[in-house]
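Contents: one structure, followed by commentary.
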Amino acid sequence: MNNSKKSANRIPAKAFATLCLFVSTLSIWAQNNPANNIVGSPLHKLILAQSAITQLYVEGVNDSVLVEDAIKGMLENLDPHSSYTPAKEVKALTEPLEGNFEGIGIQYNLLDDTLIVIQPVSGGPSEKVGIVAGDRIITVDDSTIAGRKLTTTDIQRLLRGPKGSKVNLGVMRQGVNGIQPFTVVRDKIPVFSIDAKYMVDPSIGYIRINNFGATTHEEFVNAVNELKAKGMTDLIVDLQSNGGGYLQAAVDISNEFLSAGDMIVFTEGRAMSRRDYRATGSGILKSGKVVVLTDSYTASASEILSGAIQDNDRGIIIGRRTFGKGLVQRPIELPDGSLIRLTTAHYYSPSGRCIQRPYEKGKRQQYDREILTRLNSGELAHEDSIHFADSLKYTTLKNHRTVYGGGGIMPDIYVPLDTTDITPLYRELIAKSCVTQTCIKYVEKNRKSLLKRYETFEDYRDNFTIGDDVMKLLLQHADKAKVEYNDSTLSASRRMLDIQLKALIARDLWDMNQYYQISNLNNNIYLRAVAAIKQSEYNDKLSK
C-alpha cells in the first residue's frame with residue numbers, strides 16, 4: 001500500500017531530469033553572470049513555476065497560452081494602458097497608424113448580406129479595372145460571399161493580401177445582366193488620417209484629424225496648403241473622438257503653429273529621464289486664429305496638440321474635457337511577433353500639467369467607466385459640475401492665463417453635451433444600422449439621377465431635402481429590424497434623422513469631406529467655434 005502511494009506521488013523520471021537540468025543550467029548561468037544573478041530572483045521563481053506546470057500538471061498544457069496568460073496577468077496589475085497583443089493581431093492593431101495596407105482598394109458596406117462598393121479608392125487597383133460605386137461583389141475567387149452572413153473580418157481576410165497577388169471578383173451591376181468578372185491586382189492602399197478639409201467661409205478653414213499616424217503630418221501640411229490657396233487665414237482643427245496615435249505626429253503638427261523654442265510636450269518616467277520636445281520655428285501656421293475642438297474621447301496624441309496650443313496661448317480649445325490619456329507606451333516586440341506596449345513615462349503639457357488622469361493600478365473596469373462617471377456626475381451637461389482644487393491650477397506661458405491639471409485638457413470654452421434631439425428611437429435606428437442601410441439602398445437606386453440633378457455638392461447641400469421616399473425606405477428597414485415607432489416618436493426624431501440621412505447620402509455620392517460639411521451643421525462644438533472666431537470671444541478668451 002505504502003509502495004503504491006510512493007509510486008503515485010513519484011515525479012516522472014523525465015520530468016525530474018528536466019527540472020534538475022533546468023535548475024543546474026540556471027545555476028551555471030548565474031555563476032557566469034554574477035551581476036545578473038537570476039537564482040532566487042522573482043524571475044527565477046516565474047520560470048520554475050512555468051517549467052513545473054508544463055512538466056508535472058495532471059493534464060497537457062499549451063506552453064504558448066500559459067506564457068501569454070502570465071504576461072497578461074502581469075500587465076493587468078499595472079496601469080490601464082500597458083497591454084499585450086498576440087502576434088496574429090499586431091498587424092491589425094498597427095495598420096491604421098502605418099498609413100497603408102495591401103488590398104483591392106474599396107470602401108464598402110454590407111446590405112442584406114451582400115457586399116456593396118461605396119467608393120473605390122481613387123487611383124487604387126479596383127478603380128483601375130473598372131469597379132465603380134454601387135457594384136455588388138458576389139464572388140471572391142471560387143467562393144460565393146453573398147448571403148453568407150460574413151463579418152467584416154471575414155471580408156477583409158478574403159480581399160486583402162500581398163501586393164502583386166491577384167483576386168478574381170464576380171460583380172453584379174445595376175442595369176447589367178449577369179455576373180461580370182474582374183481580376184484585381186492587389187496593391188498598397190493608403191489609410192488617411194484626415195477625414196475632411198474644407199472652407200467654412202472665405203477665411204475660415206476646417207480640418208478633421210481621426211488619428212495621429214505615420215502620414216498624418218504630411219496630410220495635414222497638404223491640407224493646410226490647399227486651404228490657404230483658397231484664402232484661409234483662420235483654422236478649426238477638429239480632434240473630437242480622436243483617440244491619439246504616434247507622439248511624433250502630434251509633435252510635428254504642433255510645430256506648425258509655434259515659434260522657435262516653444263515647448264510642445266515633455267516626457268518623464270522612473271527609468272526615463274526628462275525629454276523636452278520644442279518647436280523649431282519652421283511652421284506654416286504661426287499666424288491667424290486657431291481653434292481646437294475636443295470632447296471626452298479626445299485622447300493621447302490629440303491631448304498633446306491641444307495642450308501645446310493652449311499652454312502657449314497660440315489658440316483656444318472649445319468643447320469638453322479630454323479623456324486624460326497621458327502615458328507613454330514603448331512597444332516591445334517579442335520573438336514570435338507578439339507585442340507588449342509598456343508604459344514607461346508620462347506626458348506633460350508645456351505648463352507642467354500631467355495629461356494622465358488619476359487611476360488605481362489593477363482597477364481597469366473602474367477606469368474604463370470614466371465617461372459614464374462624467375455623465376452621471378453632470379460634467380458632460382453642466383460646466384458648473386466641474387470643480388478643480390487650487391493645487392491643480394497652472395499658468396499658460398505667454399498670457400499667464402489660468403488652466404487646470406488633474407487629467408485631460410479642460411477647454412477654454414465649454415460646450416455641454418446636448419441630447420435633446422438624440423431620442424431613443426434615433427439611437428435604436430442608428431444602432432441597428434437602419435439609417436446606414438437606407439442610404440445604401442437609396443443611393444444604389446438613385447445614384448445616376450441624383451448626380452445628374454445635383455451637378456455639384458454645393459447644389460446638393462443647398463437644395464436636397466429628405467423626402468417621403470427616403471423615409472418610407474427607412475421605415476421598411478425599421479420594420480425589418482423590429483424597431484417600434486409611432487407618429488410622435490418619429491416627429492421628435494425627424495430633424496436628426498434628416499441631417500444624418502442627408503450627410504450619409506452625400507458621403508456615398510462623394511466622400512467623407514462632404515459628409516462632415518453637412519453633419520457639422522448639427523455639431524454644437526463646431527458651431528460655437530465658428531461663432532467664436534467671427535466674434536470677439538476668441539480674443540477675449542486668449543487675453544484672460
Would it be correct to say that G281 is in the same structural domain as Y394 (by TED's automatic domain parsing), closer than 30 Å to I371 by Cβ, not in a strand (DSSP E or B) and not hydrophobic (A, V, I, L, M, F, W, C)? no
All conditions in (1) surrounded by 12 or more Cβ atoms within 10 Å (Cβ to Cβ); (2) under 19 Å from the mean Cα position of the chain (by Cα) are true of S351 except (2)
Going through the stretch 481-520 in order, the residues found to be β-branched (V, I, T) and part of a helix (DSSP H, G or I) are T489, I499, I505, I518
A careful count of residues in the stretch 337-374 that are in contact (Cβ under 8 Å) with a residue 60 or more places away in the chain and part of a loop (DSSP other than H, G, I, E, B) gives 7
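Which of the residues belonging to the stretch 315-333 are within 16 Å of Y84 (Cβ to Cβ) and of a type in the set (V, I, T)? Even if it seems obvious, please write down each step before you answer.
Our first condition is that a residue be within 16 Å of Y84 (Cβ to Cβ); within the stretch 315-333, this holds for 327, 329-333.
The answer is I332, and nothing else.
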Checked the stretch 255-282 for anything surrounded by fewer than 12 Cβ atoms within 10 Å (Cβ to Cβ) and at positive phi; matches are G261
Q) Has the stretch 141-149 got at least one residue that is of a type in the set (V, I, T), loosely packed, with under 13 Cβ neighbours inside 10 Å and touching a strand residue (DSSP E or B) at 6+ places or on another chain (Cβ under 7 Å)? A) yes
Of the residues in the stretch 296-328 that are over 23 Å from E379 (Cβ atoms) and touching a Ser or Thr at 6+ places or on another chain (Cβ under 6 Å), the one that is surrounded by the fewest Cβ atoms within 10 Å (Cβ to Cβ) is D313
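When you scan the stretch 193-219, how many residues do you find that are surrounded by fewer than 17 Cβ atoms within 10 Å (Cβ to Cβ) and hydrophobic (A, V, I, L, M, F, W, C)? So that I can check it myself, show each step before the final result.
Residues of the stretch 193-219 that are surrounded by fewer than 17 Cβ atoms within 10 Å (Cβ to Cβ), as a first pass: 199, 201-203, 218.
Filter again for hydrophobic (A, V, I, L, M, F, W, C), leaving 199.
Residues meeting the conditions: 1.
With R148, R136 as the choices, which residue is out of contact with any Cys (no Cβ under 6 Å at 6 or more places or on another chain) and farther than 30 Å from A503 by Cβ?
Values: R136 fails: farther than 30 Å from A503 by Cβ.
Of R148, R136, the one residue that is out of contact with any Cys (no Cβ under 6 Å at 6 or more places or on another chain) and farther than 30 Å from A503 by Cβ is R148.
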Note: among N463, N486, N523, just one is closer than 30 Å to T396 by Cβ and either crowded, with 17+ Cβ neighbours inside 10 Å or of a type outside the set (K, R) (or both), namely N523
Exactly one of G245, G261, G205 is touching a strand residue (DSSP E or B) at 6+ places or on another chain (Cβ under 7 Å) and either farther than 16 Å from K286 by Cα or touching a residue at least 60 places away in the same chain (Cβ under 8 Å) (or both), and that residue is G245
Selection over the stretch 397-434 where residues are buried (at least 19 other Cβ atoms within 10 Å of the Cβ), touching a strand residue (DSSP E or B) at 6+ places or on another chain (Cβ under 8 Å) and in a loop (DSSP other than H, G, I, E, B) yields a count of 8
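Which of the helices (runs of 4 or more DSSP H) contained wholly in the stretch 117-229 include at least 2 residues that are under 30 Å from T294 (Cα atoms) and among the hydrophobic types (A, V, I, L, M, F, W, C)? Steps first, answer last, please.
On the way: elements: 125-129, 152-159, 216-229.
Correct list: 216-229.
Within the stretch 296-323, how many residues are in a loop (DSSP other than H, G, I, E, B), in contact with a Phe, Trp or Tyr (Cβ under 9 Å, 6 or more places away or on another chain) and either of a type outside the set (A, V, I, L, M, F, W, C) or not assigned by TED's automatic domain parsing to the domain that holds V265 (or both)?
Here is the first cut: in the stretch 296-323, the residues in a loop (DSSP other than H, G, I, E, B) are 296-300, 312-315, 320-323.
Those left that are additionally in contact with a Phe, Trp or Tyr (Cβ under 9 Å, 6 or more places away or on another chain): 296-300, 312, 314-315, 320-323.
Among the residues that remain, those that are also either of a type outside the set (A, V, I, L, M, F, W, C) or not assigned by TED's automatic domain parsing to the domain that holds V265 (or both) are: 296-298, 300, 312, 314-315, 320-322.
Residues flagged as in a loop (DSSP other than H, G, I, E, B), in contact with a Phe, Trp or Tyr (Cβ under 9 Å, 6 or more places away or on another chain) and either of a type outside the set (A, V, I, L, M, F, W, C) or not assigned by TED's automatic domain parsing to the domain that holds V265 (or both) within the stretch 296-323 amount to 10.
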Residues of the stretch 97-107 being touching a strand residue (DSSP E or B) at 6+ places or on another chain (Cβ under 8 Å) and either modelled with pLDDT under 85 or surrounded by fewer than 21 Cβ atoms within 10 Å (Cβ to Cβ) (or both), in sequence order, are L97, G99, N100, F101, E102, Q107
A careful count of residues in the stretch 224-254 that are surrounded by fewer than 22 Cβ atoms within 10 Å (Cβ to Cβ), more than 19 Å from S306 (Cα to Cα) and aliphatic (A, V, I, L, M) gives 2
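The values are calculated or read from the model by the stated rules, or taken from the named source; none is laboratory data. Please read all numbers here as calculations on a predicted model, not as lab measurements. Note: ideal-geometry Cβ built from the backbone for every residue, glycine included; neighbour counts use all protein chains shown.
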